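Chemist: Before I ask anything, here is the structure I am working with.
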Amino acid sequence: MNGRQINILGIETSCDETAAAVVADGTIVKSSVVASQAKLHAKYGGVVPEIASRAHLENIYPVIAESLTNAKLTKADVAAIAVANQPGLAVALIVGVTAAKTLCLVWDKPLIAVNHLHAHLQSALLTEHELKLPAVALIVSGGHTCLYDCQNALELKLLGRCIDDAAGEAFDKVATILNLPYPGGPSIEKAAKTGNPCAVDFPRTLLGPDSLDFSFSGIKTAVLYHCRGQDMKGVNNVSSMNQKQIADIAASFQASVVDVLIEKTRRAIEKVGAKTVLLGGGVAANTALREALTKLCQSYVPAKMLLVAPKPYCTDNAVMVASLAYHKFKAGLFADLTLEPKASG
Ligand code: KG4
Ligand code: ZN
């Protein structure tokens, strides 16, 4: 063991990133390796599970080896091995889970199972140790959009979730409609920079005055109708649109998603009397969302404390897995070698 530090090796394979990281004492990042498969899935406009699974299999060993080399550690320095075992694509999760279980068996290390969404939230806690309670957390990723009442890294109560498309999924699908490259989030954000967010009045689906759930499929369909006509019989107008028109649609779409996320977060703040707001997940990399949430938090007197995941740790990574696992390690929450992947969670 390296001094008194608790080094945890984290493994993440829930979607299309094969990642491994070593984090000491929950916050000291010793290495972070992410092998993105974005190029493999780009031509399909979304993640193809079988392709993801095969790529994880090819990448998992070199990625883990590189994370230990970069951290300048050997297996003797590793206190435990953590893996995200839910939620995600079952055929992708199983690669990380099997790798983690095998290493635990061969190296005689304890295994820690981590919920991928809770780990996203942990990315916002990497730098802040004292949380002013109550706290609400907004997690916005490709597969999920959730609001939590957060007591600490391990105690989370779900307040609301998406009932159809997640925010990131809507970004990816709208990018496909607009012929923008995959992954859609960064492409829409880039296109939106030169667009007018008020150009098209896309709907803001709020699901009733008290709801904390999310629905983004209506916004996505509205963009589709806007581009192809209500009857969907029209040609895809996008190919004949100029850059400014595309930028206006991207900016208007982004503004409607951000408005919904902000309104739901505002409701959650009011509901739990939150003093702190946390933001994590792939869509948390979006500057318009980060700015709007900052504005919301500053609109209160006193202002709400805002903890946002650093940009490199918004999209899938293993630092968040190893960091959350440290809290489970301290609490003695270990998994056994019968651990299975779970698609839902
Ligand atoms: O958390 P994540 O890496 O994977 C899942 O757990 O799903 O999130 C990926 C999602 C994708 O839908 C991607 O388009 C979106 O995050 N995303 C963004 C941005 N960067 C990534 N969405 C909006 N703006 C961004 N800058
Ligand atoms: Zn994720």
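The values are calculated or read from the model by the stated rules, or taken from the named source; none is laboratory data. None of the values given here were measured: they were computed from a predicted structure. When we count neighbours, we look across all protein chains shown, and the Cβ atoms used for this are built from the backbone with ideal geometry, even at glycine. Protein only, heavy atoms only, side chains kept; ligands, DNA and RNA dropped before computing areas. Shrake-Rupley method; radii C 1.70, N 1.55, O 1.52, S 1.80 Å.
Chemist: Work the Kirkwood hydrodynamic radius out for the chain: mean of 1/r over every pair of different alpha-carbon atoms, inverted, in Å.
Modeler: For the chain, the Kirkwood estimate is 20.6 Å.
Chemist: What's the magnitude of the charge dipole for the stretch 1-155 around its Cα centre, counting Lys and Arg as +1 and Asp and Glu as -1 at the beta-carbon? Answer in Debye, nearest 20. Please report the intermediate quantities before stating the final value.
Modeler: Details: 10 positive and 13 negative charges, 65 e Å.
Here the stretch 1-155 has a charge dipole of around 320 debye.
Chemist: Also, I was wondering about something else. On a 20 Å Cα-Cα criterion, which of the cross-link pairs K132/K304; K157/K271; K39/K190; K43/K342 come out too long?
Modeler: K43/K342
Chemist: In Å², and per residue, what accessible area does the stretch 19-71 have when probed at 1.4 Å with the other protein chains present? The partial results should precede the final answer.
Modeler: Working: 2590 Å² over 53 residues.
Heavy-atom SASA per residue in the stretch 19-71 reads 49 Å².
Chemist: Separate question: Please give the contour-minus-distance gain from R204 to E270: 0.36 nm per residue of separation, less the Cα-Cα distance, rounded to one decimal in nm. It would help to have the intermediate numbers written out before the result.
Modeler: Values: separation 66, 0.36 × 66 = 23.76 nm, distance 1.98 nm.
Here the answer is 21.8 nm.
Chemist: May I ask for the angle, rounded to the nearest 10°, between helix 319-330 and the longest principal axis of the chain, with both axes built from Cα atoms and the value confined to 0 to 90°?
Modeler: Approximately 50 degrees, to the nearest ten.
Chemist: Roughly what would the spin-label model give for A343 and M232, points 7 Å off Cα along C-beta, in nm?
Modeler: About 2.3 nm separates the two model spin labels.
Chemist: Same structure, new question: Rounded to the nearest 10 Å², what accessible area does R266 show when all protein chains are kept and the probe is 1.4 Å?
Modeler: The value for R266 is about 80 Å².
Chemist: For the stretch 1-59, with all protein chains present and a 1.4 Å probe, just round the carbon and sulfur fraction of the accessible area to a whole percent. Mind showing how you got there, number by number?
Modeler: Working: 1370 of 2630 Å².
It is 52 percent, rounded to a whole number.
Chemist: Treating only the Cβ of Lys, Arg, Asp and Glu as charged (+1, +1, -1, -1), what charge dipole size does the stretch 131-308 show about its Cα centre? Round to the nearest 20 debye.
Modeler: Details: 19 positive and 16 negative charges, 67 e Å.
That gives the stretch 131-308 a dipole magnitude of about 320 debye.
Chemist: At q = 0.09 Å⁻¹, work out log10 I(q)/I(0) for the stretch 131-308 with the Debye formula, treating every Cα as an identical point scatterer and leaving solvent out; two decimals please.
Modeler: -0.31
Chemist: Summing Lys, Arg as +1 and Asp, Glu as -1, what charge do residues with Cβ under 12 Å from the Cβ of I112 carry, I112 excluded? Show your work: numbers first, answer last.
Modeler: Values: positive: K101, K109, K328, K330; negative: D336.
Residues near I112 contribute +3 overall.
Chemist: Give the span of the stretch 53-110's Cα atoms along each principal axis, as three whole-Å numbers ordered largest to smallest.
Modeler: Principal axes ranked by extent give 31, 21, 17 Å for the Cα atoms.
Chemist: As I understand it, the value is the acute angle between the Cα axis of helix 167-177 and the longest principal axis of the Cα atoms of the chain; what does it come to in degrees, rounded to 10?
Modeler: 50
Chemist: A further question follows. Between the stretch 74-95 and the stretch 8-45, what is the separation of their alpha carbon centroids in Å?
Modeler: 11
Chemist: So, R0 is 30 Å and r is the distance between the beta-carbons of L105 and T27; what FRET efficiency does that work out to, to 0.05?
Modeler: On the way: r = 28 Å, r/R0 = 0.95.
After rounding to 0.05, the efficiency reads 0.60.
Chemist: For the stretch 77-177, what does the accessible surface come to per residue with a 1.4 Å probe? Please give it in Å². Present the calculation step by step, with values, prior to reporting the outcome.
Modeler: Numbers: 3360 Å² over 101 residues.
It amounts to 33 Å² per residue over the stretch 77-177.
Chemist: Can you tell which of H226, I163, P197 lies farthest toward the positive end of the dipole of the stretch 131-308, using +1 and -1 charges on the Cβ of basic and acidic side chains (Lys, Arg; Asp, Glu)?
Modeler: Of the candidates, P197 comes out farthest on the positive side.
Chemist: Nearest 20 debye, what's the magnitude of the dipole of the chain about its Cα centre given +1 on Lys and Arg Cβ and -1 on Asp and Glu Cβ? List each step's numbers first, then the result.
Modeler: Working: 32 positive and 30 negative charges, 88 e Å.
In debye, rounded to 20, the chain gives about 420.
Chemist: A further question follows. Evaluate E = 1/(1 + (r/R0)^6) for L57 and F334, where r is the Cβ-Cβ distance and R0 equals 22 Å; express this FRET efficiency to the nearest 0.05. Write down the numbers at each step before the final one.
Modeler: Details: r = 26 Å, r/R0 = 1.18.
So the FRET efficiency works out to roughly 0.25.
Chemist: Taking all protein chains together and a probe of 1.4 Å, list S67, S239 from the most accessible to the least accessible. If you can, show how the numbers build up before the last one.
Modeler: On the way: S67 0, S239 100 Å².
My answer, sorted largest first, is S239, S67.
Chemist: Calculate one ³J(HN,Hα) per residue across the stretch 309-314 by plugging θ = phi - 60° into the Karplus curve 6.51 cos²θ - 1.76 cosθ + 1.60, and present them in order as whole Hz with x for glycine and proline.
Modeler: Here the 3J(HN,Hα) series is 4, x, 3, x, 10, 7 Hz.
Chemist: Give the long-range amide H neighbours of L306: residues separated by 5 or more places, or on another chain, with amide H under 5 Å away, using H modelled in the peptide plane at 1.01 Å from N.
Modeler: V277
Chemist: Considering only DSSP beta bridges where both residues belong to the chain, give the percentage that are antiparallel (nearest 5). Don't jump to the answer; show the numbers that get you there.
Modeler: Values: 26 of 46 bridges.
Of all bridge pairs located within the chain, approximately 55 percent are antiparallel.
Chemist: Another question, then. How many nm is it between the label spots at S217 and H129, if each spot is 7 Å from the Cα in line with the beta carbon?
Modeler: If labels sit at S217 and H129, their model points lie 4.6 nm apart.
Chemist: Taking θ = phi - 60°, what integer Hz values does the Karplus form 6.51 cos²θ - 1.76 cosθ + 1.60 yield along the stretch 79-89, in sequence order, with x for Gly and Pro?
Modeler: Coupling constants for the stretch 79-89: 7, 7, 10, 10, 9, 7, 10, 5, x, x, 7 Hz.
Chemist: Of all the accessible heavy-atom surface of the stretch 131-308, with the other protein chains kept in place and a 1.4 Å probe, what percent is carbon and sulfur? Spell out each step's value before the answer.
Modeler: Working: 4120 of 7760 Å².
In the stretch 131-308, the share of accessible area belonging to carbon and sulfur is 53 percent.
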